[in-house]
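Student: The structure under discussion is supplied below as structure tokens; questions concerning it will follow.
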Amino acid sequence: MGLRTPLYDKHVAADARIVDFGGWDMPLHYGSQKEEHHAVRQNAGVFDVSHMTIVDLSGDKVREFLQQLVANDVARLKDYGKALYTCMLNPTGGVIDDLIIYFVADTQYRLIVNAATREKDLAWITERAVPFDVKVDERGELAMIAVQGPNARELAAPCIDAGWRDAALALKPFNGLQAGDIFVARTGYTGEDGWEIVLPAANAAATWDRLLGAGVAPCGLGARDTLRLEAAMNLYGSDMDESVSPLEAGLAWTVAWEPADRDFIGRQPMEKIRNSADKQRFVGLLLEDRGVLRNHQKVVVDGVGEGEITSGGFSPTLGRSIALARVPAGDYDRAQVEVRGKLLAVRIVKTPFVRNGKILIDV
């Protein structure tokens, strides 16, 4: 038996298929992964993401600490509730984890980190917080629900206390707000609009029922993965890990090189990769033959070299097989993927494949 979120009994009662995910018993789907995917693209879906780790940092030197801990520039967070996506790197420039940081106050920030990396993340953060006298507080008493889709905020609005509802609806993307005992942020992992709601675990089941009663579809990990793949959003452990730099994982935009004297962990080895002509490309692939692209399949670029699919699968929105892949440096837009001993043609495309319900590539 794995770890269970406050919504586990709701998933079981709904006959969800339960699977192990990073040590947690989580719903894969509630009957049809494809229908759940389309519900998010066309209307609204709700995900239990209470397995994610919520960490509050506080102290007079907390900003100075974060400026060293992560690759993005926390000084960009100047307004209450503003969020920043970034990577936490090891000394060789590999990704320990990707995370979101929220600015709560000059002496307080909130971090949302991945479930599968919880123990190593907490150990890494706690050890490095000591010289800065920063308090690290894991908020295990909180749950987290993601409501995603073009109608998500409208359908979820009644879950927010009336006094905070207009402010929540007015949030700009990548901003959050403490609305009573609920923290609501306009963020997500699907490529659609919506909210991620942090709330007391004791209130999670009632909020879940209220969302389903409003017409929001319950969605599992399967739809979450196909949605994030279409939106070209990285998955830790697949698209990047401690052996991979953000610069070779499509995350160069999360690295702030200025100010030049900000010596964040992993900066020096990344500067070498940054200036290397051999730096690998991180690209989108669209399969042009029949078949399905999967993680770890070999990508062959004729006359150039070989790469590997990091995330692959069937896109319900496109009706085609797509993938994210790390491939050799060079200027080319065609390749082949080895599938069951055969080389199938793929086209290299600009990502994302789908965003806000719109297909963004030529299919």
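Derivation of every value follows stated rules applied to the coordinates shown; laboratory data play no part. Values in this document were obtained by computation on a predicted structure and should not be read as measured data. Cβ: placed from backbone, ideal geometry, glycine included. Neighbour counts: every protein chain shown.
Student: How much length would be gained if the chain were fully extended between LEU122 and ARG334, taking 0.36 nm per residue of separation minus their Cα-Cα distance, in nm to one decimal?
Tutor: 72.1 nm
Student: Right, another one. Have a look at the stretch 209-363 and give its Rg and Dmax from the Cα atoms, expressed in angstrom.
Tutor: 17.5, 57
Student: Length gain on complete extension for the stretch ALA75 to ARG355, per 0.36 nm per residue less the alpha carbon to alpha carbon distance?
Tutor: Extra length from ALA75 to ARG355 when fully extended: 98.0 nm.
Student: Oh, and also: Treating only the Cβ of Lys, Arg, Asp and Glu as charged (+1, +1, -1, -1), what charge dipole size does the chain show about its Cα centre? Round to the nearest 20 debye.
Tutor: Result for the chain is approximately 780 debye, rounded to the nearest 20.
Student: Please provide three numbers in whole Å: the alpha-carbon extents of the stretch 205-284 along the principal axes, with the largest listed first.
Tutor: 53, 28, 18
Student: In 10 Å bins starting at zero, report the fraction of Cα pairs in the stretch 62-143 per bin as a rounded %.
Tutor: 17, 56, 27, 1
Student: Please rank ASP73, ASP239, ASP106, fewest neighbouring Cβ atoms within 10 Å first, as an exposure proxy.
Tutor: By the 10 Å Cβ count, ascending: ASP106, ASP73, ASP239.
Student: Moving to a separate point now. Projecting each Cα onto the charge dipole of the chain (Lys/Arg +1, Asp/Glu -1 at the beta carbon, about the Cα centre), which of PRO131, PRO150, GLY194 comes out farthest on the positive side?
Tutor: Checked the options; the winner is PRO150.
Student: Expressed in whole Å with the largest first, what are the equivalent ellipsoid semi-axes of the stretch 281-363 derived from the C-alpha gyration tensor as the square root of 5 times each eigenvalue?
Tutor: For the stretch 281-363, the ellipsoid semi-axes come out as 20, 14, 10 Å.
Student: To the nearest 20 debye, what charge dipole does the stretch 159-211 have about its Cα centre, counting +1 at the Cβ of each Lys and Arg and -1 at the Cβ of each Asp and Glu?
Tutor: The dipole of the stretch 159-211 has a size of about 80 debye.
Student: Considering only DSSP states other than H, G, I, E and B, which GluC sites (Glu not before Pro) in the stretch 109-152 qualify as loop sites with at most 10 other Cβ atoms within 10 Å?
Tutor: Those that pass, being in a loop and sparsely packed, are GLU141.
Student: Express in % the proportion of alpha carbon pairs of the stretch 6-58 at distances exceeding 13 Å.
Tutor: 65 percent
Student: Ok, one more. If you take the Cα atoms of the stretch 117-190, find Rg, then find the Kirkwood Rh from the mean of 1/r over all pairs, what is Rg/Rh?
Tutor: 1.08
Student: Also, quick follow-up: Cross-link candidates for LYS61: which aspartates and glutamates have Cα within less than 17 Å, leaving aside residues fewer than 8 places away along the same chain?
Tutor: Within reach: ASP73, ASP106, GLU127, ASP133, ASP137, ASP263.
Student: Semi-axes of the equivalent ellipsoid of the chain: what are they in whole Å, largest first, if each equals the square root of 5 times a C-alpha gyration tensor eigenvalue?
Tutor: Equivalent ellipsoid semi-axes, largest first: 32, 28, 17 Å.
Student: If you don't mind, another one. Cut-off under 12 Å on the C-alpha distance; same-chain residues fewer than 8 positions from LYS120 excluded. Which aspartates and glutamates are left, in chain and number order?
Tutor: Straight-distance partners of LYS120: ASP97, GLU242.
Student: Could you work out the pair-distance distribution P(r) of the stretch 122-274 from its alpha-carbon pairs, with 10 angstrom bin width and percents rounded to whole numbers?
Tutor: 9, 28, 32, 23, 7, 0
Student: Normalise the Debye intensity by I(0) for the stretch 77-208, one equal point scatterer per Cα, no solvent, then take log10 at q = 0.11, 0.13, 0.15, 0.16 Å⁻¹ and round to two decimals.
Tutor: The calculated log intensity ratios at q = 0.11, 0.13, 0.15, 0.16 Å⁻¹ are -0.43, -0.59, -0.78, -0.88.
Student: Name the residues whose placed amide hydrogens come within less than 5 Å of the amide hydrogen of GLY250, ignoring near sequence neighbours (fewer than 5 apart) on the same chain.
Tutor: For GLY250, whose amide H was placed from the backbone, the distant partners under 5 Å are PHE282.
Student: Using only the alpha carbons of the stretch 1-138, determine the length spanned along each of the three principal axes and report them from longest to shortest in whole angstroms.
Tutor: Result, largest extent first: 49, 34, 28 Å.
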